[in-house]
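> Please see the structure below; I have some questions.
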Amino acid sequence: MKKIIVKGLLIFSLLTGISEVSHAQRVFVKIQPVAPVIVRPAAPSPRHVWIEGEWAWTNNNYVWKPGYWIEPRPHEVWITGHWRRAYGGWNWVPGHWRRR
């Protein structure tokens, strides 16, 4: 009986995860928003790297999320988010960590 319940929960979680991924979409805008001018605060330590602010799609609108300092992940570099021109306008590509 336990095995059936565990298998059922596993199948349910896999199907739920797949349906959530299938809802991901790119949002296009005709004119890319202009980032606000932000004064970068001093770094907490020499190890920290600055993560630029970026746009996030919230409540049917792009909202600016401010930048912040963070200690980098080992063997990874931060790729800054950017606007990408595409058919129909522009879409935001979020910043992310990439292995070196």
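A short reminder: the numbers here are calculations on the coordinates, not readings from a lab. Only a predicted model underlies this, so the values are computations on that prediction, with no experimental measurement involved. Here the Cβ positions follow ideal geometry from the backbone for every residue, glycine too, while neighbour counts run over all protein chains shown.
> Name the residues whose placed amide hydrogens come within less than 5 Å of the amide hydrogen of Trp55, ignoring near sequence neighbours (fewer than 5 apart) on the same chain.
For Trp55, the qualifying residues are Lys65.
> Quick one: length gained pulling Ile38 to Arg73 fully straight, 0.36 nm per residue minus the C-alpha distance?
The span from Ile38 to Arg73 would gain 10.2 nm if fully extended.
> Follow-up. Just name one of Trp69, Tyr87, Thr58: the one whose Cα is farthest towards the positive end of the charge dipole of the stretch 26-99 (beta-carbon charges, Lys/Arg +1, Asp/Glu -1).
After comparing all options, I get Tyr87.
> Next question. So what's the Cα pair-distance distribution over the stretch 26-99, bin width 5 Å, in %?
Percent of Cα pairs in each bin: 3, 14, 22, 22, 17, 12, 7, 3, 0.
> Shifting gears a bit: If you place +1 on the Cβ of every Lys and Arg, -1 on the Cβ of every Asp and Glu, and leave all else neutral, what size is the dipole of the stretch 26-99 about its Cα centre, to the nearest 20 Debye?
It works out to roughly 220 debye.
> Pull out the extension gain between Tyr87 and Lys30, defined as 0.36 nm times the separation in residues minus the alpha carbon to alpha carbon distance; nm, one decimal.
Gain in length upon complete extension: 19.5 nm.
> Something else now. Do any chymotrypsin sites (Phe, Trp or Tyr not before Pro) in the stretch 25-100 lie in a DSSP loop with no more than 11 other beta carbon atoms within 10 Å, and if so, which?
Answer in residue order: Tyr87.
> Do you know the relative contact order of the stretch 26-99, to the nearest whole percent, from alpha carbon pairs under 8 angstrom that are 6+ apart?
Worked out over the stretch 26-99, it gives 34 percent.
> Given R₀ = 22 Å, FRET efficiency for Val63-Arg98 by Cβ-Cβ distance, to 0.05?
Using R0 = 22 Å, I get an efficiency of 0.35.
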